[in-house]
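Read through the structure below, which is laid out as C-alpha cells, and then see the notes.
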Amino acid sequence: MRGFLFILPLIIYGCGKGTPVAPSGAILSMTVTPSTVPLNGEATVTVTAVRINGQPVNPGTNIFLSTTLGSIDSPVVTDERGVATAVFRAGSFGGQATITASSGNAEPVSVEVGVGLEIGEAVLRISPSVVPSSGGEFEVKVIVVDKSGNPLEGASVLFSSSVGVFATEGVVRSNSDGIAVDSLFLSAMDVANSGGEVKVAAIVSSGNSSVTLSHLLPVAGN
C-alpha cells in the first residue's frame with residue numbers, strides 16, 4: 001500500500017506590539033529654534049529622551065507633541081541618540097504657543113514660543129458709550145500697533161464682559177489695519193443685572209507680549 005505524505009501548512013502568527021513609548025523614569029527635554037516666529041512661520045522642535053541612567057531610549061520611541069497655537073507634527077520617533085525632531089507651523093494667529101512633548105510615563109515637558117511681532121500699544125473702543133435700559137448691540141473694537149507704530153496684523157484678541165454675549169464667543173484676529181472687532185449684545189435683563197455699569201475687557205496677545213484692556217460702560221440714568 002502506497003503511503004501518502006501530507007504536508008500541513010505552518011502558520012506563524014506574529015505577536016502584536018503596542019506603540020513604543022519611553023520607559024518609566026525616562027527624562028524628556030525640548031528646544032525650539034527660533035523661539036519667536038512670524039505669522040505663518042515655522043520653527044524646528046527638538047526633543048531628547050534619555051533613560052534614568054542617561055542613556056538614550058530605544059530608536060523608534062514615539063514622542064507625542066501638541067500645541068495651543070498653530071500646528072505641529074505628531075507623533076515623531078527618536079533616532080539612535082534618543083532625539084526626535086518636528087516642525088511647528090505658526091499659523092495666522094499671533095500670541096504665545098505652548099508646545100508640549102510627552103511619551104509613556106515620562107514627565108511631559110513644555111516650551112513657549114512667541115508668534116508674531118511684539119505689541120507696542122493697544123486701545124479699546126466701544127460704541128455706543130452709554131448703555132440704555134433696553135440694552136442693545138455694541139461695537140467693541142481693539143486697535144493694536146507694533147513697537148514701530150505700524151498696524152499689527154494677526155494679534156489674538158479675546159473679548160469678555162460682565163454681562164451679555166459676544167457674537168464670536170472666541171478669539172478675534174486683528175486685520176491688516178491692526179483692528180479686531182466684535183459685537184456685544186445686551187438684553188434688558190442683562191442691563192438690570194449689571195449693577196449700573198458693564199465691564200468690558202480684552203486680552204491682546206502677539207509674539208511674547210500680552211496686554212489686558214478694560215472699560216466700564218455706564219448704564220443710562222446711573
Exercise for the section: Might you check whether a residue that is under 12 Å from Ala122 (Cα atoms) and either over 27 Å from the mean Cα position of the chain (by Cα) or assigned to a loop (DSSP other than H, G, I, E, B) (or both) occurs anywhere in the range 176-196? Expected result: yes
Exercise for the section: Within the range 204-222, track down each residue that is surrounded by fewer than 18 Cβ atoms within 10 Å (Cβ to Cβ) and in contact (Cβ under 8 Å) with a residue 12 or more places away in the chain. Expected result: Asn208, Ser210, Leu213, Ser214, His215, Leu216, Pro218, Ala220, Gly221, Asn222
Practice task
Give me a count of the residues in the range 100-150 that are in contact with a helix residue (DSSP H, G or I) (Cβ under 9 Å, 6 or more places away or on another chain) and surrounded by 19 or more Cβ atoms within 10 Å (Cβ to Cβ).
Solution key: 2
Handout entry: Members of the range 115-137 that are without any contact (Cβ under 8 Å) to a residue 60 or more places away in the chain and assigned to a loop (DSSP other than H, G, I, E, B)
Key = Pro128, Ser134, Gly135
Problem - Out of Val163, Val140, sole residue that is over 22 Å from the mean Cα position of the chain (by Cα) and part of a loop (DSSP other than H, G, I, E, B) - result: Val163
Exercise for the section: Select from the range 42-94 the residues that are on the phi < 0 side of the Ramachandran plot, crowded, with 22+ Cβ neighbours inside 10 Å, over 12 Å from the mean Cα position of the chain (by Cα) and not hydrophobic (A, V, I, L, M, F, W, C) and list them in ascending order. Expected result: Thr61, Thr78
Practice task
For the range 1-41, name all the residues that are modelled with pLDDT of 90 or more, exposed (fewer than 15 other Cβ atoms within 10 Å of the Cβ) and among the hydroxyl-bearing types (Ser, Thr, Tyr).
Solution key: Ser24, Ser29, Thr31, Thr33, Ser35
Fill in the blank from the handout: With the first residue restricted to the range 45-66 and required to be in the same structural domain as Ser35 (by TED's automatic domain parsing) and of a type in the set (D, E, K, R), and the second required to be surrounded by fewer than 19 Cβ atoms within 10 Å (Cβ to Cβ) and part of a strand (DSSP E or B), Cβ contacts under 9 Å at 6 or more apart or on different chains are Arg51/Ile27
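Of the residues Gly91, Gly104, Gly54, only one is part of a loop (DSSP other than H, G, I, E, B) and under 30 Å from Ser174 (Cβ atoms); which? If you could, list the steps in order and put the result at the bottom.
On the way: Gly104 fails: under 30 Å from Ser174 (Cβ atoms); Gly54 fails: under 30 Å from Ser174 (Cβ atoms).
The match here is Gly91.
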Practice task
Would you mention how many residues in the range 31-86 are closer than 22 Å to Ala155 by Cα and aliphatic (A, V, I, L, M)?
Solution key: 6
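For the range 22-44, what are the residues that are assigned to a loop (DSSP other than H, G, I, E, B) and either touching a residue at least 12 places away in the same chain (Cβ under 8 Å) or under 15 Å from Ser102 (Cβ atoms) (or both)?
Residues of the range 22-44 that are assigned to a loop (DSSP other than H, G, I, E, B), as a first pass: 22-26, 34-35, 38-41.
Correct list: Ala22, Pro23, Ser24, Gly25, Ala26, Ser35, Pro38, Leu39, Asn40, Gly41.
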Practice task
May I ask you to verify whether Val157 is assigned to a strand (DSSP E or B), at pLDDT 95 or above and either surrounded by 15 or more Cβ atoms within 10 Å (Cβ to Cβ) or touching a Leu at 6+ places or on another chain (Cβ under 6 Å) (or both)?
Solution key: yes
Problem - Residue under evaluation Ala97, criteria (1) under 21 Å from the mean Cα position of the chain (by Cα); (2) surrounded by 19 or more Cβ atoms within 10 Å (Cβ to Cβ); (3) assigned by TED's automatic domain parsing to the domain that holds Thr61; (4) assigned to a loop (DSSP other than H, G, I, E, B), criterion not met - result: (4)
Completion exercise
The residue that is modelled with the lowest pLDDT, considering only those in the range 111-138 that are in contact with a Lys or Arg (Cβ under 8 Å, 6 or more places away or on another chain) and among the charged types (D, E, K, R), is Glu118
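The values are calculated or read from the model by the stated rules, or taken from the named source; none is laboratory data. Note that the structure is predicted; figures quoted are calculated from it, not measured. Neighbour counts run over all protein chains shown; Cβ positions are idealised from the backbone, glycine included.
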